[in-house]
1. Would you point out the residue of region 122-139, among those that are away from the ligand (no atom under 11 Å from the Cβ) and assigned to a strand (DSSP E or B), that is nearest to ILE253 (Cα to Cα)?
2. Among what's in region 230-247 and is part of a loop (DSSP other than H, G, I, E, B) and either within 16 Å of LYS184 (Cβ to Cβ) or without any contact (Cβ under 8 Å) to a residue 40 or more places away in the chain (or both), pick the residue that is nearest to the ligand (Cβ to nearest atom).
3. Go through the residues of region 195-210 one by one and say whether even a single one is closer than 20 Å to SER104 by Cβ, surrounded by 20 or more Cβ atoms within 10 Å (Cβ to Cβ) and within 14 Å of the ligand (Cβ to nearest atom).
4. Which pairs do you get when a residue that is within 10 Å of THR150 (Cα to Cα), found in region 122-134, comes within reach of a residue that is more than 9 Å from the ligand (Cβ to nearest atom) and hydroxyl-bearing (Ser, Thr, Tyr), reach meaning Cβ atoms under 6 angstrom, with the pair 6+ apart or on two chains?
5. With the structure loaded, tell me whether ASN119 is over 23 Å from ASP180 (Cβ atoms), surrounded by fewer than 13 Cβ atoms within 10 Å (Cβ to Cβ) and either more than 15 Å from the ligand (Cβ to nearest atom) or without any contact (Cβ under 8 Å) to a residue 60 or more places away in the chain (or both) or whether it fails that test.
6. Restricting attention to region 140-164, which residues are away from the ligand (no atom under 14 Å from the Cβ) and either within 11 Å of GLN210 (Cβ to Cβ) or not assigned by TED's automatic domain parsing to the domain that holds ILE181 (or both)?
7. Is it the case that some residue within region 199-215 is at positive phi and in a strand (DSSP E or B)?
8. When you go through (1) surrounded by fewer than 17 Cβ atoms within 10 Å (Cβ to Cβ); (2) assigned to a helix (DSSP H, G or I) one by one for ASP87, which number turns out not to apply?
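The values are calculated or read from the model by the stated rules, or taken from the named source; none is laboratory data. Note that the structure is a prediction, hence the values are computed from the model and not measured. FYI the Cβ positions are ideal-geometry reconstructions off the backbone, even for glycines, and counts take in every protein chain you see.
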Amino acid sequence: MKKLVASLLACTCITLSANAQAKYKNYQDSINAVAAASEIWTTVPEVKAGKFINEAPSDAIILYNGKDYSAFHGRDGKKVGWKIDPDGALTDVKGAGDLITNQSFGDCQLHVEFRTPANVKGEGQSRGNSGIYLMGLYEIQVLDSYKNPTYSNGQAAAVYKQHIPLVNASREPGQWQAYDIIFKAPVFKENGDLDKPATVTLLHNGVLVQNNVNIIGPTDWVTKPVYKKHASTLPLFFQDHGDDGNPISYQNIWIRPL
Ligand code: MG
């Protein structure tokens, strides 16, 4: 019986791959098509945000204050490859890898300021792309979404491919912007099943753009979000998207574990 199932599965795989080959020029094309199927294109209203001042409160853990990045490490034990600019901004260097916190966090209030490049290059997802991966799994999209159409569930302040922001509060390229994130980690049962999904509230430049939404599972470009039991705290990271037109900068990053 096992052999029969195995051979049936093998046949199915061969047929699928033959079909995929017939429909798409190559494997990458078929991946691109699967990724495109989860894009949502709609019009997100624009609002002009007010100015902001948001210094860290006394009980916050400072992750970056314009002077040193010792709260972070690179991937696979590598050193941080990002650079500190003369103005104190911490700027991604193409291919330097993600910026990962040494400390682990779960429920938290997180303040982050970011600046997409003033020198605009690329379009859509190739313009100022980065991301804040809460617990290393749940991405709040960072992107230049000022007059830069892309799929709405992948624009700035989206919970990537899960929740479109309520409005587009993006500032012009080259200006500092802020995210204030209130995150609750998912809760799992003893047997690994999900008890409560993660939730997130997000203010973009002081404007509410995600209102206590349920995160469906880990965010990804292609694969569907499916929760898998994990620790109650994990490191978070800032994404190096790794292509041209994306030297994102960060400053004034602080966090309050809740
Ligand atoms: Mg991203």
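1. Among those residues, the one meeting the criterion is LEU134.
2. First, the residues of region 230-247 that are part of a loop (DSSP other than H, G, I, E, B): 230-233, 235-236, 239-247.
So of that shortlist, the ones also either within 16 Å of LYS184 (Cβ to Cβ) or without any contact (Cβ under 8 Å) to a residue 40 or more places away in the chain (or both) come out as 230-233, 236.
Working: HIS230: 21, ALA231: 23, SER232: 25, THR233: 23, LEU236: 14 Å.
Of everything passing the filter in region 230-247, LEU236 is nearest to the ligand (Cβ to nearest atom).
3. The answer is no, given that none of the residues of region 195-210 is closer than 20 Å to SER104 by Cβ, surrounded by 20 or more Cβ atoms within 10 Å (Cβ to Cβ) and within 14 Å of the ligand (Cβ to nearest atom).
4. The qualifying pairs are GLY124/THR150; GLN125/THR150.
5. Details: over 23 Å from ASP180 (Cβ atoms): yes; surrounded by fewer than 13 Cβ atoms within 10 Å (Cβ to Cβ): yes; either more than 15 Å from the ligand (Cβ to nearest atom) or without any contact (Cβ under 8 Å) to a residue 60 or more places away in the chain (or both): yes.
Yes; evaluated as a whole, the condition is true for this residue.
6. Within region 140-164, the subset away from the ligand (no atom under 14 Å from the Cβ) is 146-147, 149, 152, 163-164.
Hits for region 140-164 are HIS163, ILE164.
7. yes
8. Of the numbered conditions (1) surrounded by fewer than 17 Cβ atoms within 10 Å (Cβ to Cβ); (2) assigned to a helix (DSSP H, G or I), the odd one out for ASP87 is (2).
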